[in-house]
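Have a look at the structure below before the remarks.
What follows is calculated from the coordinates using simple rules that are stated; it is not laboratory data. The model shown is predicted, which means the values in this text are computed figures rather than measured ones. Cβ placement follows ideal geometry from the backbone for every residue including glycine, while neighbour counts extend to all protein chains displayed.
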Amino acid sequence: MVSLHRPRRARPKNNSKGTVFINHVIERLREDPSKLNIIRKNLDEYRQQRFLKRGFLLAIERFDWVFEASNNVDDICEQILADDYIGNRLRRYPLLFKGVR
């Protein structure tokens, strides 16, 4: 039987520009763990804004979870790079890392 539907378009696997940015952020965090405070400040700044996309709010909430779980820079970097729901959510919004690079 022949399918009458169009084949699904393959979604791009990764955004190389975003991947490079996140890798730079991870390097900076490992070099200087005090830069985690910049991320915390960004979270607070965006949390105070009235109108944010639901996905962005979820990313802020997931970052709060990560910070509650551990204050160790290596654990936080691992979670940012993780290929799971939380890691994907955190990497989707590079504005959260503004000023770290």
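Here are the numbers:
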| read-out | value |
| --- | --- |
| Distance between modelled label sites at Asn71 and Lys53, nm, 7 Å Cα→Cβ extension | 3.3 |
| Value of Rg to Rh for the chain (Rh from inverse mean 1/r over Cα pairs, i.e. Kirkwood) | 1.10 |
| Size of electric dipole in the chain: Cβ of Lys, Arg +1 and of Asp, Glu -1, about Cα centre, debye, nearest 20 | 900 |
| Neighbour-limited loop hits for chymotrypsin sites (Phe, Trp or Tyr not before Pro), the range 12-101 (at most 13 other Cβ within 10 Å; DSSP other than H, G, I, E, B) | Phe51 |
